[in-house]
């Protein structure tokens, strides 16, 4: 259960922050820190088990039919990534408190950071791949909000949209890959997928699975050619950059490859795709970092470069290269988070991040200069710091690979070039900002000074960790790294050493060359800047992305003009044509269409009713120019359908059809009041022929499907199951109602939710609509001055209690006899609808003081609460409980929780129907009074 708390805790803390009032704002600052610290304590309590290669798991079935479960897994690999998420999160919460001190937006930042922390923990701890996809997409959504944290800034909006587009596309690719993996492995559980590694690689779907997963990882971890979104994300507040874009979110793609490494590695597809993309990202990111003018831009491109280094190590595909990749993942998160926070301190104290204006800050901010200097040297890979150790491993693995045959020297050479660039931009960060002899120029805040003590504390902790890992690697990270590598490699770890000295060897020589080259490049950096302005500035990937989006929007506009032109006949034409082509092709493939079963004999009465129904339908089409007459014929069609349901022993359907028909006709009558008495129908001959052909073909298709189904042996079907389980499982004799409130209760819950949304949408569309009443009625005759006839009003008032009694009777008998909450709601709605028709809106609502929207919401809450109540007793959502009780003077009475659910359905349907009625058919002079009410 501790695993579940690890994931739930950040979301619970986010809810507390959201609910904090203005008076509790100081408390809101402590909630995120306390939640992250408590989660870190829970995680560290399992460190002994992780060091011994143990696995802690927790599972709760969610949607078993889809293979989706709330399954969590903590092993050495997920422990390391969860440690980064929680430990750096604690430091970020401290840092953010001072970075946005006094700002009203600080609680919102805490809220979003907590949501992101929970989503990242969900990603690294998920033991179900579908659950991992859910959390993966949540990280993209929350990062969109964090990057666009200051929505008034155009660059923030643009960066947020770009990040969401790229990472969201990767999320869709990951979903597709997971579905394919589930098909190959027969399960979405991570444990089962890892056990079927050989089966996955031998499957024909392996290339598609691999490329989709790599697309997801590359987009999330900003790999070439998807790298350009990360620099644009630097418009986010610096705490966001330090947390998401250095230590956590961009590491999600790295984690995905590490988690699925045993399943995907070992093929040429893996070697070339991962290593070459990683190599290109490593070099391009390092080159672009050197020529950036913005301080955070430099760190963003350096992050891209180091992520490419990690990907290259995974692509080299040796056991030791995977260990090196995990080691550098940890090291990079530590020194890059500290560098981003140092950059935020510089921006906070000087008011700018422009490297052309920042210089000589060491004399004003010596403590910050020392901290940033150590972190920068760790990024450059200087000995005795953590970055040096993983860089040496990286050089060694580039020498050991045999990826390119006769051109194997290319990868080590480019590795030295990229590392030299890393040294150059690290020196630019240290020397250019702090130790350049020139004085600062045009600083918005002058003179700069050291930040508050506790704002530096997170940077100090991370810098000390850089030194500790660099000096004592085995004692600080040795066991954790070994455990993480054990699970990433599928249960084996190569022999390796974390010593800080391996003698004079070729990797050390490569380091020396990279240091010298980087120093020389730093000295010649101005030439590099000129080259960037003349050549590299033309290679703007973000501009290409913008052009691609514009072309996509133009193509979408063309599709919209063709398919969504505002014409209802056009929509129906496309829908029916698609129905004819897609299902029709399968129907026409049947030979013969009919099956072996003989048709059911039809009696003369039924045949006459069907013929009359067909004639009524043709009459509706013929009389469409006269809306009132067409509505009368349409209502008659509905009544004949009701008779057909009753004829074939479907009383529940008959009651429902009749109730819906009455309510619908009355609502349409109110709407017709504002329409012309006759409508001119202009239709060309060609369009008539086309519509006729499509209509006949669509009808023939439906008839053919019905014929093909009913003339074939249905087998057992699903009816015997419901007939056998309705009474023992739900305590009801009415199988139809039992299906609606128990077996398929979730469907009913969704349906009433959609109905409520539709009612609110209709109210929103009608609100404020000014429609003048027509001057004349049918035939040109003037309307009577008596808007509400006395006889109709008297009859409606007499019918109200009688109809209400019928509704209550139908409601109470629904579990065992035809009826139920939906039918009772429609009957009661008819009774109240008659009051509106007979006496008017103002008269009715002055006497029936019901807030229909609140009634709709109450119905949804009652229905959902009934379903959640079953979860409290360990039963599936909306499972019915029932029992028989002896009541004095009454006898045995059956009580069922399905009645509460039916009550929720009743309230939702009544509230939605009358919400529409109260704003439909209101004359212009009454509208203002109705809106006020």
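Every read-out reported here was derived from the displayed coordinates using simple, explicitly stated rules and does not represent laboratory data. Source: prediction; values computed, not measured. Methodologically, a virtual Cβ is constructed for each residue, glycine included, from the backbone with ideal geometry; neighbour enumeration extends over all protein chains shown.
Estimate the FRET efficiency between residue 187 and residue 502 by the formula 1/(1 + (r/R0)^6), using the beta-carbon distance for r and 41 Å for R0, to the nearest 0.05.
Numbers: r = 44 Å, r/R0 = 1.06.
Computed FRET efficiency for residue 187 and residue 502 comes out at 0.40.
Taking every C-alpha pair closer than 8 Å and separated by at least 6 residues, the mean separation divided by the residue count of the range 323-429 gives a relative contact order of 29 percent.
In whole Å and largest first, what semi-axes does the C-alpha gyration tensor of the range 805-914 yield when each eigenvalue is scaled by 5 and square-rooted?
Numbers: eigenvalues 177, 67, 23 Å².
Those come to 30, 18, 11 Å.
Normalising the average separation of contacting C-alpha pairs (under 8 angstrom, six or more residues apart) by the number of residues puts the relative contact order of the chain at 8 percent. Kirkwood radius and radius of gyration were both taken over the C-alpha atoms of the range 629-712, and their ratio Rg/Rh is 1.09. With respect to the chain, whose longest principal axis is taken over its alpha-carbon atoms, helix 651-672 is tilted by about 90°.
Note on residue 57 and residue 457: with the Förster distance fixed at 41 Å, the Cβ-Cβ geometry gives a FRET efficiency of about 0.70. Evaluated over the Cα positions of the range 1-144, the convex hull gives a direction-averaged projected area, one quarter of its surface, of 8.7 nm². Using every pair of distinct Cα positions in the range 122-233, the Kirkwood expression returns a hydrodynamic radius of 14.8 angstrom. Dividing the summed helix terms, -39500 (n - 2.57) for each DSSP H run of n ≥ 4, by the number of residues in the chain produces a 222 nm estimate of -23000 deg cm²/dmol to the nearest 500. Contact order, relative form, for the range 800-846: 33 percent (alpha carbon pairs under 8 Å, 6 or more residues apart, mean separation divided by residue count).
Across all directions, the shadow cast by the convex hull of the range 406-465 built on its C-alpha atoms averages 7.1 square nanometres.
Based on the mean of other Cβ atoms within 10 Å per residue, sort peptides 330-338, 498-506, 28-36 so the most packed one is first. Write down the numbers at each step before the final one.
On the way: 330-338: 26.9, 498-506: 11.6, 28-36: 21.0.
Top to bottom by mean Cβ count within 10 Å: 330-338, 28-36, 498-506.
If you wrap the tightest convex hull around every Cα atom of the range 851-917 and split its volume per residue, you get 101 Å³. Can you tell me the 0 to 90 degree angle between the C-alpha axis of helix 410-427 and the longest principal axis of the chain, rounded to 10? Tilt relative to the chain: about 80 degrees.
Reported to the nearest whole Å, the Cα centre-to-centre distance from the range 686-756 to the range 375-403 is 64. Helix 319-350 versus the longest principal axis of the chain: what is the Cα-based angle in degrees, 0 to 90, to the nearest 10? Roughly 90 degrees between the two axes.
As a size descriptor, the averaged projected area of the C-alpha convex hull of the range 200-273 was calculated at 5.1 nm². Placing R0 at 60 angstrom, the Cβ-Cβ distance between residue 646 and residue 557 gives a FRET efficiency of 0.75 after rounding to 0.05.
From the C-alpha gyration tensor of the range 359-401, pull out the three semi-axes of the equivalent ellipsoid (sqrt of 5λ each), sorted largest to smallest, in whole Å. Don't skip to the answer; put the middle values down first.
On the way: eigenvalues 191, 14, 5 Å².
Computed over the range 359-401, the values are 31, 8, 5 Å.
Ranking of 127, 902, 747, 652 by neighbouring Cβ atoms within 10 Å, starting from the fewest: 747, 652, 127, 902.
The separation of the range 838-888 from the range 414-434, counted between C-alpha centres, amounts to 67 Å. Between the alpha-carbon centres of the range 260-323 and the range 627-643 there is a gap of 68 Å. Dimensions of the range 265-523 along the principal axes, based on C-alpha atoms and rounded to the nearest Å, stand at 57, 37, 33, largest first.
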